Every structure is written in C-alpha cells, then in structure tokens.
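The values are calculated or read from the model by the stated rules, or taken from the named source; none is laboratory data. Nothing here was measured: the structure is a model prediction, and the numbers come from that model. In this analysis, Cβ positions are derived from the backbone assuming ideal geometry, glycine residues included, and neighbour counts consider all displayed protein chains.
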Amino acid sequence: MIADVLVIGAGPAALAIASELVSRGLEVHGLSAQDPAEPWRNTYGIWGREVDRLGLGGLLGHRWSDSLSYFNDQPLRHGLDYGLFDRTKLQNHWLAICAAGAMVWHQGQAIALDHGRQVSTLATACGQQLQARLVVDASGHQPVFVQRPDQGPVAGQAAYGVVGRFSAPPVESGQFVLMDYRSDHLGEGEDQAGAPTFLYAMDLGDGLFFAEETSLALAPPVPFEVLKDRLHRRLAHGGIRVEQVEHEEFCLFPMNLPLPDLSQQVVGFGGAASMVHPASGYMVGSLLRRAPALAAAIAQGLADPALTSPAVAAMAWQALWPLELRRKHALYCFGLEKLMRYPSAQLRQFFATFFALPQEQWYGFLTNTLNLPELVVAMLRLFATAPWGVRWGLMQQQGRELALLGKLLNP
Ligand SMILES: Cc1cc2nc3c(=O)[nH]c(=O)nc-3n(C[C@H](O)[C@H](O)[C@H](O)COP(=O)(O)OP(=O)(O)OC[C@H]3O[C@@H](n4cnc5c(N)ncnc54)[C@H](O)[C@@H]3O)c2cc1C
C-alpha cells in the first residue's frame with residue numbers, strides 16, 4: 001500500500017505536520033519509534049500572544065502575566081504573557097486531528113530510505129517496508145535521513161532544571177522569570193571568565209516551582225554538572241534549598257544548525273529541518289505557524305500527476321524555507337555568533353538594550369514574525385541604542401562571522 005506521505009517521528013514536529021496533511025485530505029502514515037501517544041518529557045514554553053494568534057490559548061497549562069527578566073539589579077518587566085503548554089493537551093490536540101483524518105501509525109525505527117521517481121521505500125529495523133510518494137523526516141535534531149552541510153561547530157542550548165518544592169520560593173508568587181542573569185553568587189573571576197548562564201524560573205502553583213539554570217548557546221555546550229552546580233549555588237545565595245524534586249530536566253539541543261540541503265528528496269520538518277530559532281532556541285510556535293504552508297505545498301504537488309516525487313519535494317522545501325526565511329536564519333545565526341562572544345557584563349547590557357526595544361520589535365525578533373526589512377530595522381535600532389561596549393562587539397568581525405553575514409545575500 002502506497003501512502004501519499006509517510007511522516008517519521010511522533011514529536012511536536014511530526015504531529016504538527018501530520019495533522020495539517022490529513023486536514024488536506026491526504027493519506028498519511030506515521031512511523032514512530034514508540035507509541036505516538038507516549039507522553040512527551042520536555043516542557044514547552046511559548047509567548048501567550050503566539051498561541052492566542054493561532055487560537056490555541058486553551059492548550060496552555062500555565063500562563064503568567066507577571067513576566068520579567070533581570071539584567072542588572074532592577075527587574076525588567078516584559079509586559080507580555082508567557083505560557084507553558086499542557087503537553088498532554090497539545091499532543092492530544094494533534095493526535096485527534098490525525099485520528100479524524102484516518103492516519104495510520106506504524107511502530108518501528110527507520111533505518112534506510114530508497115528513493116524512486118514516484119515512490120520512496122523506507123525500511124525499519126525489524127524489516128518492515130513502508131512506501132509513500134513523499135517522506136517527511138521529523139525525527140528531531142539529529143535526523144535519521146535529512147542531510148545538511150557541515151559548517152563548523154554547532155552551539156548547544158544546555159539547561160539543568162528542577163520541578164519541585166523549595167525551602168523558600170525561588171521566584172515571587174505568580175511570577176515567570178525569563179532570564180535572571182544576576183551573578184552575585186559567582187566569584188568575580190568566574191563571572192567574567194566562565195560561560196554566562198541565567199535562571200529561567202516560574203511559579204507552577206500549589207507550592208511547586210520550576211527553576212532551571214540555562215546557557216543560551218555555546219559550542220561545545222556548558223556541561224550539565226556546571227549548570228547543576230550553578231543552580232544550587234544561585235539558590236543557596238538566596239538562602240533557598242531544594243526540598244523535593246518532582247522532575248529533573250536535562251535540556252540540550254542544537255541552536256544554529258545549518259539549513260538542510262533543499263534539493264534532497266526527503267523533506268524535513270522541525271528539529272530535522274533546522275527550524276529552532278537560532279537566537280532564542282524556541283521552535284513550537286514556528287511549527288504551528290509554518291506547518292500549513294508546507295502541507296499546502298505538498299498537497300498541491302501530490303495533486304499533480306505529472307510531478308515526480310523529487311519535484312514535489314523541491315516544492316515542499318521551497319515552501320518551508322523560502323528565500324526570506326533563509327535570509328533571516330542567516331541573520332539570526334550571525335547574531336548568535338556575536339552573543340556567544342560577549343563576556344557576561346556585555347551580554348547583560350546587550351539584553352537590557354534588546355528588551356528596551358519597542359515590544360513589537362523584540363517580540364517579533366524572538367518569534368521570527370518580523371519580515372526581513374523589519375528585522376533589519378530592529379537590529380539597527382538595537383545597534384544605535386546599545387552602549388559602546390556592546391556596539392564595539394557588534395562591529396568587530398571575528399571567526400566565521402563575515403561568512404555568516406554573507407549568507408544574508410546568498411543563503
Ligand atoms: C528539554 C527541552 C526543552 C525544550 N523547551 C522548548 C520550549 O520551551 N519551547 C520551544 O519552542 N522549544 C523547546 N525546545 C526545542 C524544541 O522545540 C524541542 O527539541 C522539540 O522537541 C523538537 O521537536 P521535534 O519533533 O523536531 O523532535 P523530537 O521532539 O526530538 O521528536 C523526534 C521524534 O522522532 C522519533 N524518531 C527519532 N528517530 C527515529 C527513527 N529512526 N525512526 C522512527 N522514529 C524516530 C522520536 O522517537 C520522536 O518521536 C526544547 C528542547 C528540549 C530538549
């Protein structure tokens with residue numbers, strides 16, 4: 001039996017694209033290494049406005065209006081809601097759409113893919129053969145089939161966090177802290193020489209809090225032991241102990257993966273297609289916003305009997321990564337390269353300047369919802385309003401920064 005589309009994976013990317021494909025009447029099969037309804041482990045955060053604009057605010061399990069950061073001793077209030085998805089609700093939302101579209105699930109580990117002009121054949125570890133006119137690889141940041149060029153070291157966002165009960169609240173009641181870069185708990189030498197890390201923390205209600213020490217990005221990534229040690233020292237500095245651990249989060253994922261090869265016959269989505277925002281690490285909002293265009297291109301391509309599978313794949317890749325998004329990806333990767341060079345004092349100044357931009361600009365930058373000219377204007381404004389130390393860092397071109405900037409013209 002030949003499906004229209006075979007989707008590999010059962011994470012957020014796979015379910016987001018599969019649900020859009022079945023909604024367009026396509027015959028979709030899924031291949032998942034585990035039961036697709038197996039609960040996800042990651043906690044997914046998102047700005048409230050992003051989910052509201054998609055009409056999916058009801059999928060949040062928690063929502064905070066009191067959202068702020070610390071880049072010096074004074075809190076900087078963001079004036080925007082932040083939310084955490086209810087993972088089960090989000091997963092079930094997508095699974096229900098897939099089920100309503102009669103999607104067929106197979107369980108197994110994809111190991112080989114053979115492409116023909118009209119059909120691709122996928123083999124699983126236990127010898128199953130699955131056929132489809134198009135295969136979408138949504139198997140995560142280290143995809144099983146999607147190829148991308150090697151462009152040097154890839155930075156990882158690393159974090160160690162605890163959901164639990166604490167001897168005293170790590171953040172105020174009802175509060176969400178996006179980035180607390182205060183570093184009084186570190187010795188001066190360690191603060192200046194070590195990798196900058198920040199606290200990401202929130203009140204989950206009923207005496208439960210989530211506190212996570214995070215390194216935005218570094219290659220190689222900051223080790224978990226360092227993050228764990230820093231979290232406990234930060235808490236101890238405030239006279240706080242962890243009293244009960246409900247869940248420990250060990251978070252590590254790549255931030256600035258190069259774009260995939262857009263001429264390959266397997267199409268990627270999610271981590272597999274380098275869709276993580278290279279300057280913030282967020283992706284779920286993008287999955288929700290970008291899945292419809294990809295699914296529409298696939299449906300349109302498959303509806304044309306004259307088109308071969310490679311031609312449909314080419315249409316799909318263009319819909320997922322049009323020129324403007326590729327250019328913005330280049331700018332974000334360039335920006336991240338700069339951020340990774342800043343010592344902590346300049347990094348704090350950078351973020352204080354960034355979040356002092358008009359809300360539409362910093363929000364649009366972080367969610368990748370500005371168009372290219374708007375993004376450039378936001379970056380120029382940031383440059384114009386930043387202190388000299390930050391500007392100097394932005395002007396110096398080191399390492400591969402010029403090459404990354406060149407990709408803005410030729411991504
Ligand atoms: C701890 C953590 C916290 C994060 N928090 C956020 C956040 O708050 N907000 C945000 O926007 N992003 C966040 N991210 C980033 C990103 O959104 C996640 O990494 C997201 O899970 C990536 O989704 P994905 O579907 O592409 O990959 P995954 O979630 O990794 O899913 C991959 C799927 O493919 C399957 N698979 C893999 N190989 C095979 C194979 N060979 N055959 C069959 N199936 C296979 C896996 O079993 C899995 O079902 C976080 C990441 C981590 C690690």
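Going by the conditions given, is SER280 in contact with a strand residue (DSSP E or B) (Cβ under 9 Å, 6 or more places away or on another chain) and at pLDDT below 95? Judged against the criteria, SER280 is a match. Among the residues of the stretch 80-103, at least one is basic (Lys, Arg) and buried (at least 17 other Cβ atoms within 10 Å of the Cβ).
Within the stretch 4-39, the set of residues being within 7 Å of the ligand (Cβ to nearest atom) and within 19 Å of the chain's Cα centre (by Cα) comprises ILE8, GLY9, ALA10, GLY11, PRO12, ALA13, ALA14.
Results for (1) more than 30 Å from VAL119 (Cα to Cα); (2) of a type outside the set (Ser, Thr, Tyr), shown as yes or no for each residue.
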{"position": "VAL146", "(1), (2)": "no, yes"}
{"position": "ALA155", "(1), (2)": "yes, yes"}
{"position": "GLY174", "(1), (2)": "yes, yes"}
{"position": "LEU178", "(1), (2)": "yes, yes"}
{"position": "SER183", "(1), (2)": "yes, no"}
{"position": "ASP191", "(1), (2)": "yes, yes"}
{"position": "ALA195", "(1), (2)": "yes, yes"}
{"position": "GLY207", "(1), (2)": "yes, yes"}
{"position": "THR214", "(1), (2)": "yes, no"}
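Test ARG133 against the stated conditions and say whether it is basic (Lys, Arg), crowded, with 22+ Cβ neighbours inside 10 Å and away from the ligand (no atom under 16 Å from the Cβ). Spelling it out, ARG133 is indeed basic (Lys, Arg), crowded, with 22+ Cβ neighbours inside 10 Å and away from the ligand (no atom under 16 Å from the Cβ).
Among residues of the stretch 392-411 that are among the charged types (D, E, K, R) and surrounded by 13 or more Cβ atoms within 10 Å (Cβ to Cβ), those with a beta-carbon under 6 Å from a residue that is modelled with pLDDT of 85 or more and assigned to a helix (DSSP H, G or I) at least six positions away or on a different chain give the pairs GLU401/GLU337; LYS407/ALA330. Among the residues of the stretch 198-226, those identified as in contact with a helix residue (DSSP H, G or I) (Cβ under 8 Å, 6 or more places away or on another chain) and over 21 Å from TYR44 (Cβ atoms) are LEU218, ALA219.
Residue-wise test of (1) within 11 Å of the ligand (Cβ to nearest atom); (2) under 16 Å from ALA155 (Cα atoms); (3) part of a loop (DSSP other than H, G, I, E, B).
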residue	(1), (2), (3)
ALA236	no, no, no
LEU259	no, yes, yes
ALA279	no, yes, yes
TYR282	yes, yes, yes
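Only one entry in GLN265, GLN244, GLN192 is under 30 Å from VAL7 (Cα atoms) and either away from the ligand (no atom under 12 Å from the Cβ) or not aliphatic (A, V, I, L, M) (or both), namely GLN265. Restricting attention to the stretch 332-373, the residues that are outside any loop (DSSP other than H, G, I, E, B) and over 14 Å from MET255 (Cβ atoms) add up to 22.
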